[in-house]
Amino acid sequence: METDSYSSNDIEEVDSGCTVSPGGHKYYVPYTVDDENLKPCLNKSFANLESGIDFYKEYARLCGFDIRRSAEKKHDDGTIISKYLVCSRAGNSENNSSSEGSTTQLGKRRRTMSGRCGCDAKLVLKFAPGQIYFIFRFVEAHNHPLVSEDCRQFLRGNRQMSTCSMNFVFDASKVNIGASKAFRLMKEMVGGYENVGATSRDYRNFDRD
């Protein structure tokens, strides 16, 4: 399957909300989300854990960064009582050189570029009586620029073929409209490439498969 290979150097980033600490370190706060209900705040509650995770994913998508699931703590009965969601650039790679990478099953080295830079932005969800989860901790600032609005379509969180997109590609193929043209038509329907939720290559992969 074809895949788009985008590193942190390939995606345009913007110095939005940049502040400098007394020690000279730069921190970047996402643009204020238009709808305050979409912005994390302490003690905001969710009916279940997945709802809380989806909420932070959507916030990250709107602000221009990706997230990943991190540490969690479980009760003896298996219930997750705390869950960490971190910026995808949290942590540090042992070697940021593109000449180093993972080893495939054939023993060849795959050239990769790590974008991890020790970002501390995170959201922590905790379990509360009543079978709900709430935001226990929220670190908003990042130590790296955020992705520009025009390039957010390339973020991993934005590159998921929705059921609507799948049906559209399928219906377009029945009237001899190719995947690339279907992608452009979808862009016009949703108001921009950044709102499609996938790339042209994702559309072509789905059409081929």
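Cross-link partners for residue 39 among the lysines, with Cα-Cα distance under 29 Å and sequence neighbours closer than 8 places in the same chain left out: 26, 57, 73, 74, 83, 122, 126, 187. Rounded to whole numbers, the Karplus 3J(HN,Hα) couplings from phi for the range 168-183 are 5, 4, 5, 5, 5, 5, 5, 10, 6, 9, x, 5, 5, 5, 4, 5 Hz, using 6.51 cos²θ - 1.76 cosθ + 1.60 with θ = phi - 60°, and x at Gly and Pro.
Since every read-out is calculated from the coordinates, none of them should be taken as a lab result. Note that the coordinates shown come from a computational prediction; the quantities given were computed from them, not determined experimentally.
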